[in-house]
1. So, of the residues in region 44-55 that are surrounded by 10 or more Cβ atoms within 10 Å (Cβ to Cβ) and assigned to a loop (DSSP other than H, G, I, E, B), which turns out to be modelled with the lowest pLDDT?
2. Against the definition (over 8 Å from the mean Cα position of the chain (by Cα), among the basic types (Lys, Arg), surrounded by fewer than 12 Cβ atoms within 10 Å (Cβ to Cβ) and at pLDDT 90 or above), how does ARG14 come out, yes or no?
3. In this structure, is ARG41 modelled with pLDDT under 95, out of contact with any helix residue (DSSP H, G or I) (no Cβ under 8 Å at 6 or more places or on another chain) and surrounded by fewer than 16 Cβ atoms within 10 Å (Cβ to Cβ)?
4. For region 1-34, enumerate the residues that are in a helix (DSSP H, G or I) and either in contact with a Gly (Cβ under 7 Å, 6 or more places away or on another chain) or among the charged types (D, E, K, R) (or both).
5. I need the full set of residues from region 18-38 which are hydroxyl-bearing (Ser, Thr, Tyr) and loosely packed, with under 14 Cβ neighbours inside 10 Å, in order please.
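The values are calculated or read from the model by the stated rules, or taken from the named source; none is laboratory data. Source: prediction; values computed, not measured. In this analysis, Cβ positions are derived from the backbone assuming ideal geometry, glycine residues included, and neighbour counts consider all displayed protein chains.
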Amino acid sequence: MTSIQKDLISLGYRENTAAELIRQAKRSMVQQGYEFYTNRRLGRVPVAAVEAIIGASIRKDADDAKD
């Protein structure tokens, strides 16, 4: 399980939903021209790609800066 998946789960997403968000982010990255993300074994994606899908920040440092 990747750290971004753990972050999504800590935000309240279920494990399968978090994995699906990562798959969606991979598809998005491929559509943007990053063929590197077609690798089935690759489970890491940019945080910004997942944030664009869910429409919210998942970075802890960004949350701390607001306080």
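1. ARG44
2. Answer is yes for this residue.
3. yes
4. Residues satisfying the conditions are LYS6, ASP7, GLU15, GLU20, ILE22, ARG23, LYS26, ARG27.
5. THR38
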